[in-house]
1. Which of the residues belonging to region 206-229 are over 22 Å from residue 119 (Cβ atoms) and either part of a helix (DSSP H, G or I) or under 19 Å from the mean Cα position of the chain (by Cα) (or both)?
2. Quick one: which of 38, 44, 65, 20 is farther than 30 Å from residue 225 by Cα, touching a residue at least 60 places away in the same chain (Cβ under 8 Å), out of contact with any strand residue (DSSP E or B) (no Cβ under 9 Å at 6 or more places or on another chain) and not in a loop (DSSP other than H, G, I, E, B)?
3. Filter region 148-179 for residues that are surrounded by 13 or more Cβ atoms within 10 Å (Cβ to Cβ) and either in a loop (DSSP other than H, G, I, E, B) or modelled with pLDDT under 90 (or both) and give the result.
4. Does residue 45 satisfy being within 16 Å of residue 300 (Cα to Cα) and surrounded by fewer than 22 Cβ atoms within 10 Å (Cβ to Cβ)?
5. What about residue 130, is it farther than 17 Å from residue 236 by Cα, in contact with a helix residue (DSSP H, G or I) (Cβ under 7 Å, 6 or more places away or on another chain) and either assigned to a helix (DSSP H, G or I) or modelled with pLDDT of 95 or more (or both)?
6. Here are some residues: 137, 36. Which one is on the phi > 0 side of the Ramachandran plot and either modelled with pLDDT under 95 or under 18 Å from the mean Cα position of the chain (by Cα) (or both)?
7. Do we have residue 310 as over 19 Å from the mean Cα position of the chain (by Cα), within 30 Å of residue 193 (Cα to Cα) and in a loop (DSSP other than H, G, I, E, B) here?
């Protein structure tokens, strides 16, 4: 138990260190723009956390990123590099919108079926990449990335074609959902809605998942297909199931964006979410609590960065630079850890010889 606590604490410290280093280097770029880094970061954090209304915008960004990153972490822990969360989200959004606009059912039935269809859409899109890997040993990084482009063009076809709002004058969007189908806001005038509770439930379920037999086999899959087969499981089936679980989370995000934020299907929905979800999952060390913390930090940067751009001469691209630095530091972290472990072993050997 003590080892687990210290292990989690170590992960938390590593995450904090990566973020602080990225902010320090970002401060250098802010200084080059002839601005005071401390003042600019103060504006950034006040813009994200300075009031209840601003904090609600952080939650609006955090909920989809958290849910999508949880799904990405499931695949990554199995060493399945699902880079296609954005495409899976788009297909989930299309499927969920179909329920709200075209299924002639009572509203309460549509509210039940919409997230289910979203999950099925995301899972089905991820299944394609999983099947290609199982059947042809196709690299899932390439297939999921290419399927992202297919999903983007599928979305464009839908909002300019069969799902376009009648009389929409070439606006790339569907008709608006009925008010009875829209997720309830948590406060009057705020965009944050009841999807917060959905995210909390999914976070708890993922935490339980990693303590279940299914979670154990997913972790086992990360050690190689031979290990899974030797343990008595079917590696090919596990790959397909894991990819579908990962895609289902992204599909839920598609439902959240349509029913909770935009209230219609639009072109470019959730653009960039997939890339950020990968960063958050890795920054959180693929653990539920780590992802929760990382998604909050990234959401603060996104929400506060817009305020920093308005209130100072520092461009919003500084936030992109900080995110890029986080990625670079995440990539170099294993190398640094290996060097530190090697030095520690050398010191231990020297101490033994003495």
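1. Matches in region 206-229: 216, 219, 220, 225, 226, 227, 228, 229.
2. Only one candidate passes the filter, namely 44.
3. Result: 163, 164, 165, 168, 171, 172, 174, 175, 176, 177.
4. Working: within 16 Å of residue 300 (Cα to Cα): yes; surrounded by fewer than 22 Cβ atoms within 10 Å (Cβ to Cβ): yes.
Judged against the criteria, residue 45 is a match.
5. On the way: farther than 17 Å from residue 236 by Cα: no; in contact with a helix residue (DSSP H, G or I) (Cβ under 7 Å, 6 or more places away or on another chain): yes; either assigned to a helix (DSSP H, G or I) or modelled with pLDDT of 95 or more (or both): yes.
It is false that residue 130 is farther than 17 Å from residue 236 by Cα, in contact with a helix residue (DSSP H, G or I) (Cβ under 7 Å, 6 or more places away or on another chain) and either assigned to a helix (DSSP H, G or I) or modelled with pLDDT of 95 or more (or both).
6. None of the others qualify; the one that does is 137.
7. Numbers: over 19 Å from the mean Cα position of the chain (by Cα): yes; within 30 Å of residue 193 (Cα to Cα): yes; in a loop (DSSP other than H, G, I, E, B): no.
Answer is no for this residue.
Rundown of residues vs (1) in contact with a strand residue (DSSP E or B) (Cβ under 9 Å, 6 or more places away or on another chain); (2) part of a helix (DSSP H, G or I); (3) more than 20 Å from residue 20 (Cα to Cα), yes/no style:
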residue	(1), (2), (3)
268	no, no, yes
286	no, no, no
325	no, yes, no
331	no, yes, no
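The values are calculated or read from the model by the stated rules, or taken from the named source; none is laboratory data. Here the structure is a predicted model, which means the values were calculated and not measured. Note: ideal-geometry Cβ built from the backbone for every residue, glycine included; neighbour counts use all protein chains shown.
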